[in-house]
Amino acid sequence: MAVFSPFGLPHVYNLFTHSNTLSTEYFKGDFVTCKNAPGWVTLYCTTQGVTAATEPVEYNGIVEVGDRVTDGSCVFTARDVVGELDVLKDLFTDTETSIADLQDGLQELREEVIQQAENQTVPVGTIQFMPSANAGADWLKCDGGFINEADYPELVQALGKLMPNGDKFSLLSSGEVPSQISNGVVYNGRLWVYSFSARKLYGIDLTGNGPVKAIPVTSTSTYFADFIAPSTAKPLALSIIPHHSGNKAKLFLAQFLNSGQDSALPKEYSWTDKFLVFDAEFSGDEQTLAVEPPFTTIMKEGDTRYEYRPSFKPTLYVPYIVSKMVSGVETYYCAIGDRYYTYGNSSPGALKWEDGGQAATLFNTSISTDESVFKNQRLCYDEKNMGELVSVYGYISGSTKYYSLYSCPSGLFATESRYTTISVTPRGSVCPLNVVGDTKVLATFDTNSFPWASIAEVKTGSIKPNLPLPSSAKVFVDAAAYLWGKDIFLIFVGTGIIFSRTLEAGSFGYLDTTSVLGTITQFGWLGYSQDEQSLYILGQDTSNRVKLAKITLNTNFDYATDGAWLPMIVSDGLPAYIKAKETE
């Protein structure tokens, strides 16, 4: 039998003993004798260490099996090995005289000795080889598996809680893409990003091996020249949407220029001083890309007698575009602000248009926007949200607080009005988009404030985790995501990633990324490819260099860092086990 410390080397022992000497290192499993101990005593080392320079007087006081003596940093337990061997002798009668029977008896004695040793207090994290196929509920086989902290908190602490770390990141691009960039989009093996300063679309190879592809973007429309340099208030929104049939995609480039109402409908292009959108068929193989407006006019809804007009709100919306199949027709959606009515109430509105059509329709999204409780949210139709437009609405009636969740067009995350007691601390200004998870919606958050509303429960929260972030950490418009399938929120803040699975107090962690990306100060973006199990971080650093990094996520555990890996130990067919829990 061999005995291991959690991180040490093996020491093999047998039942032959030697005399305990002063200032000598002994390993767990050593058997020694001591001249000052009673004659029947054999000392069994249960804690590896070095004996003291002088012999402890406690050896004289041993009176029974199991008495312990601490000698320097070693711990010895009194054993009656001779008596135990007598037990072995009694096992063998005249009918057990063969060598095979003797080996069986020795094996039984080994197991008995092992069991006696294990009945002593063994620290969590101790690894032992055991011949038994069932070591008991307090022991786990060292098979390299992943354990959860909730099930084995002491063992996770002993092994060291897993943290995703920066050396798992690879830098895919640094400086090849010019400045003033849009968000990123993963499509056809590349990360695509538009540079306003260069008027080109850039495709960065996701393997890190191929060159960066640069595609000049042009248009016959004079309005294309009206795009402005992107900012937090007015970002450039790049959307690449694979067609529901066929191999190509539709690429959109959109931007809000100004807030306000368009009162000239249905005049052609009457809205272009406030909002621009251009599109093109796209495969990624183009040498140049010509984009044009996807529609020329905006029409009111056909089922209303009121003259609703679009009211564009850059402070509330980002003009990402998604597509849905409606009655077999590919239809595109973009949230822009309100349906404004001069003689009545306005309501949140969006544009929708069919592929190949010439007119967009202004329609009521049937959501509510909150400018009091969960104020300063940012909304959009977003593939990260399964294509939904999602808002959190809070209101106060008398002394009672309520919240609702709205989700358009499919209502995937909608809830009814719910009572809440939590006071929310929203941002002081708009910036990041809402992040929708499986059970919660994160809204109007900052680096040390994370308000949320629950989809699954009647509950809200507003958590301040007080993580040790650098002073340069900041949130960006679209640098957060929920990893579907891994159940964790990730928020890139320029210097690293804040992560949490539950958004509850105590669940937050931080991963520094400055060793790979430096400090990202502008246009930070975070994306997640569930198919590729990869995370992408894009942004512009303090030197205005555009950088892209990739982390490939391990499929065997979630990145909420709530567990640890068991060691993998194999030795001559004898299984190794690790003490996982204190014996009750």
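The values are calculated or read from the model by the stated rules, or taken from the named source; none is laboratory data. Treat the numbers as computed from the prediction; the structure is a model and nothing was measured. Every residue, glycine as well, gets a Cβ built from its backbone with ideal geometry; the counts of neighbours run over all protein chains shown.
Tell me, please, whether a residue that is at pLDDT 70 or above and either on the phi < 0 side of the Ramachandran plot or surrounded by 12 or more Cβ atoms within 10 Å (Cβ to Cβ) (or both) can be found in the range 115-123.
Yes, the range 115-123 has at least one match.
Here's the yes/no breakdown for (1) in contact with a Pro (Cβ under 6 Å, 6 or more places away or on another chain); (2) in contact (Cβ under 8 Å) with a residue 12 or more places away in the chain; (3) among the aliphatic types (A, V, I, L, M):
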| site | (1), (2), (3) |
| --- | --- |
| 262 | yes, yes, no |
| 268 | no, yes, no |
| 275 | no, yes, no |
| 282 | no, yes, no |
| 291 | no, yes, yes |
| 300 | no, yes, no |
| 315 | no, yes, no |
| 320 | no, yes, no |
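Which condition number does residue 559 fail, the rest of (1) modelled with pLDDT of 80 or more; (2) closer than 23 Å to residue 436 by Cβ; (3) out of contact with any helix residue (DSSP H, G or I) (no Cβ under 7 Å at 6 or more places or on another chain); (4) not β-branched (Val, Ile, Thr) being met?
(1)
Tally up the residues in the range 463-475 that are at pLDDT below 95 and either crowded, with 18+ Cβ neighbours inside 10 Å or touching a helix residue (DSSP H, G or I) at 6+ places or on another chain (Cβ under 6 Å) (or both), please.
Counting residues in the range 463-475 that are at pLDDT below 95 and either crowded, with 18+ Cβ neighbours inside 10 Å or touching a helix residue (DSSP H, G or I) at 6+ places or on another chain (Cβ under 6 Å) (or both) gives 3.
Which condition number does residue 436 fail, the rest of (1) modelled with pLDDT of 95 or more; (2) of a type outside the set (Lys, Arg); (3) farther than 21 Å from residue 366 by Cα being met?
(3)
Scanning the range 244-285 for residues that are surrounded by 17 or more Cβ atoms within 10 Å (Cβ to Cβ) and among the charged types (D, E, K, R), which turns out farthest from residue 312 (Cα to Cα)?
250
So if I check each of 39, 29, 8, which one is more than 54 Å from the chain's Cα centre (by Cα) and modelled with pLDDT under 90?
When all the criteria are applied, what remains is 39.
Go through (1) under 29 Å from the mean Cα position of the chain (by Cα); (2) of a type in the set (Gly, Ala, Ser); (3) within 30 Å of residue 340 (Cβ to Cβ); (4) surrounded by 17 or more Cβ atoms within 10 Å (Cβ to Cβ) for residue 203 and report which single condition fails.
(3)
So which residues in the range 482-503 are of a type in the set (A, V, I, L, M, F, W, C), surrounded by 21 or more Cβ atoms within 10 Å (Cβ to Cβ) and in a loop (DSSP other than H, G, I, E, B)?
493, 503, listed by residue number.
Of the residues 281, 286, which is at pLDDT 95 or above, in a strand (DSSP E or B), farther than 21 Å from residue 222 by Cβ and out of contact with any helix residue (DSSP H, G or I) (no Cβ under 6 Å at 6 or more places or on another chain)?
281
Looking only at the range 252-278, how many residues end up being assigned to a strand (DSSP E or B) and at positive phi?
Of the residues in that region, 1 qualify.
Can you tell me which residue is farthest from residue 481 (Cα to Cα) among those in the range 181-207 that are touching a Leu at 6+ places or on another chain (Cβ under 8 Å) and part of a loop (DSSP other than H, G, I, E, B)?
Step by step, filter the range 181-207, then rank; the result is 196.
Looking only at the range 21-56, count how many residues are closer than 11 Å to residue 75 by Cα and of a type in the set (S, T, N, Q).
Residues that pass the stated criteria total 4.
Please go through the range 380-432 and give me each residue that is touching a Ser or Thr at 6+ places or on another chain (Cβ under 6 Å), surrounded by 23 or more Cβ atoms within 10 Å (Cβ to Cβ) and polar (S, T, N, Q), ordered by number.
Within the range 380-432, 391 is the sole residue that qualifies.
What are the residue pairs meeting all of these: first residue in the range 213-228, first residue of a type in the set (Asp, Glu), second residue in a helix (DSSP H, G or I), Cβ atoms under 6 Å, and 6 or more apart or on different chains?
That search, which allows pairs on different chains as well, returns nothing.
If you scan the range 306-359, which residues turn out to be of a type outside the set (Ser, Thr, Tyr), in a loop (DSSP other than H, G, I, E, B) and within 33 Å of the chain's Cα centre (by Cα)?
The answer is 313, 314, 316, 318, 319, 321.
Can you find a residue in the range 224-242 that is farther than 27 Å from residue 433 by Cα and assigned to a loop (DSSP other than H, G, I, E, B)?
no
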